[in-house]
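Notes to accompany the following structure.
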Amino acid sequence: MRTFASRVVGVAWLTLWPMVVSAQTSSIAGVVKDASGAVLPGVTVEAASSALIEKVRSVTTDSTGQYKIITLRPGTYTVTFTLPGFATVRREGIELTSDFTASVNADL
């Protein structure tokens, strides 16, 4: 039979777990531009890492060419930028530590 104290600890752990997990996650953010310096909306940005359960997470740049990939686990990432009509750009070896946002910009 569980004691009252163990129940309180269990409830506290379940309540605090989301905060613990979110404090350990990081993100990758940046801006994508063309060779003239104009921002590029609609670029597919993929972050790949063995640290991710799904192995790859994708977003699309907004109307200002900005993107942000959130809730990433610490680890080493490769970020790939793709837009039809432009050469694909890849940034490798991006190290994410806990509670960190890496700034990764690209010129296509």
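The values are calculated or read from the model by the stated rules, or taken from the named source; none is laboratory data. All of these numbers come straight from a predicted model, not from anything done at the bench. Neighbour counts run over all protein chains shown; Cβ positions are idealised from the backbone, glycine included.
Taking the listed residues Ala106, Ala102, the one that is in contact with a Ser or Thr (Cβ under 9 Å, 6 or more places away or on another chain), surrounded by 13 or more Cβ atoms within 10 Å (Cβ to Cβ) and modelled with pLDDT of 95 or more is Ala102, with no other qualifying. Among residues of the stretch 15-34 being in contact with a Leu (Cβ under 8 Å, 6 or more places away or on another chain) and modelled with pLDDT of 95 or more, the one that is surrounded by the most Cβ atoms within 10 Å (Cβ to Cβ) is Val32.
The set of residues from the stretch 62-96 being in a strand (DSSP E or B) and touching a Pro at 6+ places or on another chain (Cβ under 8 Å) comprises just one member, Leu96.
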